[in-house]
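Since the structure comes first, as structure tokens, the remarks are kept for the end.
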Amino acid sequence: PSVRIPRTFKRFCGLMVQLLQKLSIRASNGPDKLLKVIKHPITKHLPVNVPRVGFSFSSETIVRFQDYVTSQKKRLDSVGIVYVLGAMAHGKIDMSYTDTHVSVSEYPLSAAYCASRITNAMENIWNIV
């Protein structure tokens with residue numbers, strides 16, 4: 001797999017508008033779909049028998065995420081893990097399709113910062129420099 005991130009925020013916004021209006025984004029040099037809006041239920045699109053971890057500020061289980069990922073390394077390498085983030089400023093996501101709920105901070109975090117913590121922990125566990 002490869003990725004090409006839009007160079008400017010304006011181009012990124014344009015792609016997101018296209019995604020919401022046309023429900024998919026196709027590659028400019030072929031028929032491949034790069035992004036697609038999926039229909040509910042979300043569980044239909046998640047892998048089967050894979051642990052699903054939801055991130056919520058309201059969770060009673062507060063973890064240092066680097067330690068959490070290290071403790072889950074064997075499971076991560078064998079079957080993988082699904083991480084569920086709420087990408088919204090206010091409100092709560094439906095956590096009924098997750099197995100575990102954890103909080104990675106005592107303070108509310110933006111979805112972008114939470115995703116950053118996840119990717120940094122994965123980089124460390126897989127020794128990506």
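The values are calculated or read from the model by the stated rules, or taken from the named source; none is laboratory data. Here the structure is a predicted model, which means the values were calculated and not measured. Here the Cβ positions follow ideal geometry from the backbone for every residue, glycine too, while neighbour counts run over all protein chains shown. The protein model used for the area step is the full one, side chains on, heavy atoms only, and it has no ligands, DNA or RNA in it. Shrake-Rupley method; radii C 1.70, N 1.55, O 1.52, S 1.80 Å.
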message: If VAL104 satisfies all but one of (1) surrounded by 15 or more Cβ atoms within 10 Å (Cβ to Cβ); (2) closer than 30 Å to LEU23 by Cα, what's the number of the condition it fails?
response: (2)
- prompt: Within the range 63-87, how many residues turn out to be under 18 Å from TYR113 (Cβ atoms) and small (Gly, Ala, Ser)?
  reply: 2
task: Only residues in the range 55-74 that are closer than 21 Å to PRO108 by Cβ and touching a residue at least 24 places away in the same chain (Cβ under 8 Å) count as the first member; pair them with residues that are part of a loop (DSSP other than H, G, I, E, B) and among the charged types (D, E, K, R), Cβ under 7 angstrom, at least 6 apart or cross-chain, and list the lot.
output: ILE62/GLU106
field: Unmet criterion (only one of (1) farther than 19 Å from TRP126 by Cβ; (2) at pLDDT 85 or above) for SER58
entry: (2)
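Name every residue in the range 15-62 that is among the aromatic types (Phe, Trp, Tyr) and either part of a loop (DSSP other than H, G, I, E, B) or farther than 25 Å from TYR113 by Cβ (or both), in order of residue number.
Narrowing the range 15-62 to residues among the aromatic types (Phe, Trp, Tyr): 55, 57.
Across the range 15-62, the qualifying residue is only PHE57.
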query: Which one of the conditions (1) within 28 Å of CYS13 (Cβ to Cβ); (2) polar (S, T, N, Q); (3) open to solvent by 80 Å² or more (accessible area, probe 1.4 Å) does SER56 fail to meet, given that it meets all the rest?
result: (3)
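Assess whether GLN72 counts as being out of contact with any helix residue (DSSP H, G or I) (no Cβ under 8 Å at 6 or more places or on another chain) and open to solvent by less than 60 Å² (accessible area, probe 1.4 Å). Write out each step before concluding.
Values: out of contact with any helix residue (DSSP H, G or I) (no Cβ under 8 Å at 6 or more places or on another chain): yes; open to solvent by less than 60 Å² (accessible area, probe 1.4 Å): yes.
Here the answer is yes, as GLN72 does meet what is asked.
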statement: Checked pairs for the range 27-50, first in contact (Cβ under 8 Å) with a residue 24 or more places away in the chain, second open to solvent by less than 100 Å² (accessible area, probe 1.4 Å), C-beta under 6 Å and 6 or more apart or across chains, list as THR43/TYR97; LEU46/VAL82; VAL50/VAL79; VAL50/GLY80; VAL50/VAL82
